[in-house]
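Trainee: Sending over a structure as structure tokens; questions will come in a sec.
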Amino acid sequence: MKQRHSIYTAICAGILLTAPILTAVTGVQAAEANQASTSSLVSSASSSQAAQSTSSSSVSQSSISSTASSQIASSSQSTAKVAQSSAPSASTASAKETTTVTAPLKTDYQAAITAGANQILGGDYQSAWGALAIMQSNVTMTEAQKATYRAALKASVDSMVNDDSFSTTDLERISIGVTAIGDDATNFDGINLIAKITENIKKTGINGQIYAIIALSMKDYGAEANQTIDDMIQVLLTKQNQAGGWSFGGSKSDLDITGMAMTALGMHRDQPAVQAAMDRATTMLKTTAFVKSTGGFLIPGAFSKEENSSSIAMVLMGLMANNVNPTTIVGDNGANPISRLLAFQKADGQFRWVFDSDLGALAMSTEQSVYALDQYQFMKAGKGSIYNFKTAAPVDPVDPTDPVDPVDPTDPVDPVDPTDPVEPVTPTNPTTTADATLVNKSLSATIAPVKEMVATEIKNGQFTGSDVIFGAARTNQLSKVQIKTLYNQMLVESKAGNISRPNDIARVILNLQAMGINPTEFAGRNLVNELYQTKDVTKQGTYMTATILLALVSGHYQAPTNAQFTVKDLVQYLVTEADDYGNAGWGYETDGVFIKDLDTTAIATIALKTTVATAQTYPLADQLISQTNELLKNSTAYIQSAQMTDGGFGYAGAKTSNSNSTAMAIVALSTMGIDANTVKNGGNSALAALLKFQDNDGIFKADYSTSMAMGQALLAIKAYQLNAAGKGSVYDFVANPATPFDSAKVPDPITDPKRDPLPKAPVPAPTTVPGTTNDDHNDSTDVGLLPQTGVKATVASSIIGIVLIVGTLGVLRKKSVKEA
């Protein structure tokens, strides 16, 4: 994990120092690295390089199964020749596939169950889903074999305890596995999994909500569990879309989520409105998703553009939960969903993920296919749901061979459930005297290291992309002499033609404003107008587009008559892009898989909120404003849900938090009017988590660049201060103007900025607060520190700066890279 963080942060630092081509290349590498190590909620999105992957670490191993992207290879082992269409129409089922049947349809589901269960039992890993599939099948699991599954489940619990991180979906998955092997979920390895689920239920999204119903309904667990079940049923009912399905995000139905939601609701069909919802979903699946030519199901989406066994298995589970016999849904040549699923099975018992290919997560698809067939067997025998363990334990009539010893019976813990919480925290501003003391102490500790870092970066001529320079400016730790030196160097860069790309112009606009310099009058250039006149700005990717938007709205700058785009265009772009991430955030895309990312979500949230707050300057259509506000609500909820138990935040898929992502989250929360000291997980607040990254020498810990971490931390603290004072966005320079700087009134400290950019005379550092006396930059008392007895109304201004740009291509989606 540390290696992944290092790669990520190294790439981010490279954005500041390397040429555009190298930047794009490293962005691709970062996106690929992030995909390879993404969190378990998208862990099913294993690419072809992850064939035969081990079990997912969360409920999503059976939930977002269709995200297992893979390159399709030809094979001769199928029972039918299938020519998949590239873009099936939702309204024309016959256009989805063209099938020529060359062999009889498979119908022996019992033999398929036995072969598949033995394949799972003889595999080299043990998962909760494998336990369920085997225990409800025709295959007997011996006590010795149960012990190996028990050990694997125990290892998952131990990992959560050691990390003090209890992911709701992990708890549900383990509980299902524990119950399946006959153990007690209320006391497993000394942990009451059921109680933990109910305690953490508000921090999970639709996956966790679905599997909470399932896990808590497997046995009678008491009043609190029943109340949680009832609450989650109501949540699912409200999340059913107009078409009748459910989705992981967005308005388009997703086969896996729809099937899983139906499975959960089907355990409570006697509750009001549940049966009607089930019937609507069934109608949608039969009329919209059923592929007559194969007997399978398909709704082409980001996760899967062709039929796969995992999605078909989930749909089967949902239909049978509504008491629908899948063999009554008949397509061409007598094909039905059961025969279609059986067609995916290989001779060795495994189920392919995609038809006619051995690539992909076959272990996962085998587990899901087997327990879907288990459910079909249960249905035919009138035994109800395979998740119902309230009565007799399942019967195991066959004695299989012993499984191979497990390689590593542990499931990595997914510390973040990156989905929307049910009840996001209400924005508040209750900064206390104690908070102010902690923030003041932290800022005071940064004075010495910031002074040294600024001097170093001025000497190296790396000011344009420097986080610490920007953070120092925002907390008033730059002297007039230093600003004049930086200004002179920016003039050199401008004359050399190095400030011409839209992302460079945007960063310079923000940096100039941070130092109190008007970007519309920079060395004879109006940088704002130049930015407006740039073409294809949205091809910079989500992160950079958000930064460009911030550069423009930070000064409430209007578009000139010859502008190539407007602020409205950028807002619309970000709103549209969010649809790929469930209208609840932003991230990057790799091989058709859209992975939500905290850092990208944070910068886009900041940009949109700052824009909406300036509605009088940029009139937007009511519908667009409504869409934006709804999106901001969802993205903020996602940020809150991504908080780890130490109070901090991390990269997509990370097990540990880091100072950079934590700082980004605080800036976004503060921009949304939420006190970061009240956003907590495990009793730890986001603000406290950030301050814990600060060492005794005042420097904030970092995976790669300490100056980057320092700059972002300073910006987060400033954003927190402004929110506490009720000053609005840290990027609104009209509401929070910087102290104007007149370069003509400050003598040049150097003759050659590239050779000797350091001030000739040392500038004494302030002894208590930065910027109050000796730096001579501010004429009024600095508000870089919060007052001990309250928050002054004169909190200074601030901006985004490249602090927030450094992660641009580190989490850039492949789509964004193509646009760059």
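Rule-based calculations on the coordinates, nothing more; no lab input. Here the structure is a predicted model, which means the values were calculated and not measured. All Cβ positions, even for glycine, are placed from backbone atoms using ideal geometry, and neighbour counts span all protein chains on display.
Trainee: Measuring from centroid to centroid over Cα atoms, what is the spacing of segment 271-292 and segment 625-654 in Å?
Mentor: Result: 31 Å between the Cα centres.
Trainee: Could I ask something else about it? Work out from phi, with θ = phi - 60° and the Karplus expression 6.51 cos²θ - 1.76 cosθ + 1.60, the ³J(HN,Hα) of each residue of segment 226-235, listed in order in whole Hz, and give x for Gly and Pro.
Mentor: Per residue, the Karplus-derived 3J(HN,Hα) values read 5, 5, 5, 4, 4, 5, 5, 4, 5, 4 Hz.
Trainee: Also: Give me the net charge of S339's neighbourhood, meaning all other residues with Cβ under 12 Å from the Cβ of S339; Lys, Arg count +1, Asp, Glu -1.
Mentor: Cβ neighbours under 12 Å give a net charge of 0.
Trainee: Further question on the same structure: Would you please give the residues with an amide H less than 5 Å from that of T140, counting only those at least 5 places away or on a separate chain, with H modeled from the backbone geometry?
Mentor: Long-range HN contacts for T140: V398, D399.
Trainee: Work through the residues other than Q694 whose Cβ is under 12 Å from its Cβ and net out their charges, Lys, Arg +1 and Asp, Glu -1.
Mentor: Around Q694, the surrounding residues sum to +1.
Trainee: Given H placed 1.01 Å from N in the peptide plane, which residues other than close sequence neighbours of G331 have an amide H under 5 Å from its amide H?
Mentor: Long-range HN contacts for G331: N336.
Trainee: While we're looking at this one, here's another question. Under 5 Å between amide hydrogens, which residues at least 5 positions from F351 or on another chain qualify, with H placed 1.01 Å from N in the peptide plane?
Mentor: Amide H to amide H, under 5 Å and 5 or more residues apart or across chains, F351 pairs with K346, T366.
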